[in-house]
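Computed from the coordinates by the stated procedures, all read-outs in this text should not be read as laboratory data. Treat the numbers as computed from the prediction; the structure is a model and nothing was measured. Glycine gets a Cβ as well: all are built from the backbone with ideal geometry, and neighbour counts include every protein chain shown.
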Amino acid sequence: FAGFSLHDELALFVKAGLTPMEALQTATRNPAEFLGIFNSLGTIEKGKIADMILLDANPLEDINNTRQINAVMLDGKLLTKKELQKLLADVEDAVNKN
């Protein structure tokens with residue numbers, strides 16, 4: 001599925017020599033700074049817009065832990081692991097029907 005390639009990219013950044021924190025910043029802080037929108041996006045701070053993921057393991061210990069998603073906060077709505085699995089299954093079913 002589209003979107004999972006981000007996890008591969010983060011792992012490749014670490015393999016290339018970045019720390020896990022630096023790799024995570026390539027997907028969060030750095031693009032916001034580059035685009036000139038760091039005052040509203042890019043980090044989790046009071047007053048900023050943020051969608052977040054809750055992980056079952058620390059990505060700073062192993063960047064592949066970004067794949068261990070427990071929940072997602074998207075536009076203020078919490079999506080549990082069960083809900084995420086259903087969404088993925090629905091997408092897979094839709095793709096397989098075409």
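Summary of computed values
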| item | result |
| --- | --- |
| Cβ-Cβ FRET estimate between Lys15 and Leu54, R0 fixed at 30 Å, reported to 0.05 | 0.75 |
| Computed E for Ala27/Asp93 - FRET, C-beta separation, R0 22 angstrom, nearest 0.05 | 0.15 |
| Rg(Cα)/(2.2 N^0.38 Å) for the chain, N = residue count | 1.20 |
| Nonlocal amide H pairs with Leu54, under 5 Å, H built at 1.01 Å | Asn70, Ala71, Val72, Met73 |
| GluC sites (Glu not before Pro) within region 6-88: DSSP coil, no more than 14 neighbouring Cβ in 10 Å | Glu45, Glu61 |
| Coil-residue trypsin sites (Lys or Arg not before Pro) of region 37-98, DSSP, other Cβ within 10 Å capped at 15 | Lys46, Lys48 |
| Angle in degrees between helix 5-15 and the longest Cα principal axis of the chain, rounded to the nearest 10 | 40 degrees |
| Cβ-placed point charges (K, R +1; D, E -1), dipole of the chain about Cα centre in debye, nearest 20 | 180 debye |
| Selection of chymotrypsin sites (Phe, Trp or Tyr not before Pro), region 1-87, meeting DSSP coil and at most 10 other Cβ within 10 Å | Phe1, Phe4 |
| Fully extended contour minus Cα-Cα distance, from Glu83 to Phe38, at 0.36 nm per residue | 13.1 nm |
